[in-house]
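Some notes on the structure that comes next.
The values are calculated or read from the model by the stated rules, or taken from the named source; none is laboratory data. As the structure is a computational prediction, the values presented were derived from the model and not from experiment. Here the Cβ positions follow ideal geometry from the backbone for every residue, glycine too, while neighbour counts run over all protein chains shown.
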Amino acid sequence: MTTSAEPATGSASVPIRPDGTADVPTWRYLGFLLGPGVGTFAFNAVTVILPTLRERFGAGDVALELVIAGYGIPFAVLLILGGRLGDRFGRHRLYALGMGVFLVSAIACALAPSIETLIAARIAQGVGAALCTPQVLGTIQATSRGTARTRAIAAFGASGGIGAAVGQVAGGALAALSFGPLDGWRAVFVVVALLALAAIVLAPLAPRSPAHEVVAIDLVGTAALAVGILAASVALTFGPAWNWSWPVLVVLIVAAIALVGMWRHQDAIERSGRVPLLPPSVLRLRPLQLGLLAAGLFFAGYSALLYVFPRAVEAGGLTSLQAGLALLPFAVVFAGMSLAVARIQARLGDATLVLGVAVQIVALLGMVATLAMGWGSDVGLWLQPALVLLGAGQALIFSPLTQLVVREVPVEAAGLSGGMFSTAQQLALSFGVIVIGGAVGVTGAAGRDELLLGLALDIALAVAVLAVALVLRARGGRAQH
């Protein structure tokens with residue numbers, strides 16, 4: 001028997017089992033919360049050390065792209081399956097398994113004798129990340145509610161933001177060092193392995209998810225979804241390098257056919273009374289659709305800006321390390337505000353998301369105004385006021401957006417919510433880089449012009465997120481009357 005608890009924000013109720021774990025303190029999730037932090041740390045640090053890998057292994061552009069895509073593609077492809085496996089076999093068990101694979105693959109990366117071995121280890125790392133990542137939000141949803149859930153989801157966002165910023169700085173710093181026979185770039189993966197080990201050790205502190213009915217794994221739907229996301233990911237990743245030639249278009253068509261076929265198959269399964277991999281009845285919920293749309297727009301703009309920022313400021317005279325340090329205050333403010341967002345939401349409710357997007361737009365316009373006044377080696381310092389404001393605004397966006405997706409999925413399928421949100425996030429991050437990379441290629445923009453182009457795209461997407469946020473607030477207001 002389930003009961004319903006009204007969410008902190010929004011219009012839909014979430015079935016909650018009365019299990020006494022609703023007020024679990026956030027610190028008990030520490031092992032799980034290390035997951036998104038170590039994931040973003042690994043991604044950002046590896047992005048920074050790519051020039052070092054080119055030098056050490058004599059790697060070409062395709063090999064370096066595979067170091068990134070080898071992690072990102074299996075991660076995106078297997079996220080939803082990973083979430084459903086957690087629903088079926090237990091989220092603690094899948095988290096430990098996934099983080100264990102992540103740990104072993106990080107050690108393999110650190111010891112890799114060739115670029116080919118490194119790529120293979122990165123593929124394994126992506127698989128491990130896909131198995132453990134959905135369990136974080138799934139466990140939070142299944143074992144907490146109300147303010148406790150808001151705090152835990154905010155900490156989830158803070159972990160990812162801190163990992164991204166520290167990875168950017170640590171990657172640049174470690175790549176320039178050596179530790180006896182150990183090259184600095186290998187030390188990056190040693191740090192990743194240590195963080196993964198800490199996550200495994202601390203994970204048992206989190207409360208166990210309540211028992212649910214057995215979730216069958218739909219093999220046909222899983223295969224169709226995997227083909228669709230794999231094809232879309234490959235097209236988005238390699239489309240620019242292949243100049244969007246006909247093979248890329250064929251891959252996109254394959255993706256569309258696979259996803260449409262998967263949807264029809266899932267619909268037939270649900271009508272027959274069985275449990276599908278992706279329940280169409282859940283995906284048809286308008287707040288969930290709007291939440292995933294807003295999340296996609298937000299993360300696309302986020303990735304586009306962070307892609308051009310280090311490139312642009314390095315062209316302005318900063319080193320890779322200085323470029324990373326310029327983003328550190330942004331990440332610190334993001335983390336601090338994330339931890340305070342529960343109190344803000346208690347006061348503002350649905351208006352928190354609207355406020356966050358408005359603050360983000362003001363911060364982006366402030367960056368544009370700053371660049372209009374000057375450019376040079378001090379640009380990282382000049383941009384700090386706007387970047388600090390941007391960190392605060394994005395923290396006010398991340399947690400409410402995450403909750404929009406999580407709260408619409410029944411707690412029995414909590415892993416599905418984590419899988420859907422993370423899949424939308426990963427695909428949007430790739431799409432944002434593709435769009436801004438294509439725009440930079442067409443316009444030939446560099447330095448300040450490249451950063452202005454990224455800001456223009458992020459502002460346009462932020463305005464779209466604001467429109468969606470206003471629609472969601474209006475729906476929430478109607479639901480309460």
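When only residues in region 120-149 that are part of a helix (DSSP H, G or I) and of a type in the set (Ser, Thr, Tyr) count, which is modelled with the lowest pLDDT?
Our first condition is that a residue be part of a helix (DSSP H, G or I); within region 120-149, this holds for 120-143, 146-149.
Filter once more, so that each one left must be of a type in the set (Ser, Thr, Tyr): 133, 139, 143, 147.
Details: Thr133: 88, Thr139: 88, Thr143: 84, Thr147: 79.
Per the stated criteria, the residue is Thr147.
Answer yes or no as to whether Gln135 is of a type outside the set (Gly, Ala, Ser), touching a strand residue (DSSP E or B) at 6+ places or on another chain (Cβ under 9 Å) and buried (at least 20 other Cβ atoms within 10 Å of the Cβ).
No; evaluated as a whole, the condition is false for this residue.
A quick yes/no check of all residues on (1) part of a helix (DSSP H, G or I); (2) in the same structural domain as Leu78 (by TED's automatic domain parsing); (3) farther than 20 Å from Val471 by Cα; (4) at pLDDT 85 or above:
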{"site": "Ile253", "(1), (2), (3), (4)": "yes, no, yes, yes"}
{"site": "Leu259", "(1), (2), (3), (4)": "yes, no, yes, yes"}
{"site": "Gln289", "(1), (2), (3), (4)": "yes, no, no, no"}
{"site": "Gly296", "(1), (2), (3), (4)": "yes, no, no, yes"}
{"site": "Tyr302", "(1), (2), (3), (4)": "yes, no, yes, yes"}
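Might you let me know whether region 113-124 holds any residue that is at negative phi, surrounded by fewer than 24 Cβ atoms within 10 Å (Cβ to Cβ) and among the polar types (S, T, N, Q)? Give the derivation first.
The first filter runs over region 113-124 and keeps only residues at negative phi, leaving 113-124.
After this cut, where a residue has to be surrounded by fewer than 24 Cβ atoms within 10 Å (Cβ to Cβ) as well, the list is 113-117, 119-121, 123-124.
Narrowing further to those that are among the polar types (S, T, N, Q): 114, 117.
Taking every residue of region 113-124 in turn, at least one turns out to be at negative phi, surrounded by fewer than 24 Cβ atoms within 10 Å (Cβ to Cβ) and among the polar types (S, T, N, Q).
Among the residues that make up region 146-167, is at least one of them surrounded by 18 or more Cβ atoms within 10 Å (Cβ to Cβ) and farther than 30 Å from Leu353 by Cα?
Scanning region 146-167 turns up no residue that is surrounded by 18 or more Cβ atoms within 10 Å (Cβ to Cβ) and farther than 30 Å from Leu353 by Cα.
Residues that are under 16 Å from the mean Cα position of the chain (by Cα) and at pLDDT 85 or above: find the helices (runs of 4 or more DSSP H) completely inside region 29-119 holding 2 or more of those.
Fully inside region 29-119 and qualifying: 30-48, 61-89.
Would you mind telling me which numbered condition in (1) more than 24 Å from the chain's Cα centre (by Cα); (2) at pLDDT 85 or above; (3) within 23 Å of Ala130 (Cα to Cα) Gln266 fails?
For Gln266, the failing item is (2).
Condition test on Ala196, is it surrounded by fewer than 21 Cβ atoms within 10 Å (Cβ to Cβ), touching a residue at least 24 places away in the same chain (Cβ under 8 Å) and assigned by TED's automatic domain parsing to the domain that holds Thr52?
In short, no.
Could you give every pair whose Cβ atoms fall below 6 Å, whose first residue belongs to region 287-316 and is free of Cβ contacts under 8 Å to residues at least 12 places away in the same chain, and whose second residue is in a helix (DSSP H, G or I), counting only separations of at least 6 or pairs across chains?
Listed by first residue and then by second, the contacts come to Glu314/Ala323.
Just to be sure I understand the filter: pairs with C-beta atoms under 8 Å, separated by 6 or more residues or on different chains, first member in region 117-129 and hydroxyl-bearing (Ser, Thr, Tyr), second member part of a helix (DSSP H, G or I). Which pairs pass?
Thr117/Ala108
Condition check ((1) under 27 Å from Leu404 (Cβ atoms); (2) over 19 Å from the mean Cα position of the chain (by Cα); (3) at pLDDT 85 or above) across all residues:
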| position | (1), (2), (3) |
| --- | --- |
| Phe299 | yes, no, yes |
| Leu318 | no, yes, no |
| Ala323 | no, yes, no |
| Ala326 | no, yes, no |
| Val341 | yes, no, no |
| Leu371 | no, yes, yes |
| Gly376 | no, yes, no |
| Gly380 | no, yes, no |
| Leu383 | no, yes, yes |
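Given the conditions (1) under 21 Å from Gly83 (Cα atoms); (2) surrounded by 18 or more Cβ atoms within 10 Å (Cβ to Cβ), which single one is not true for Leu236?
(1)
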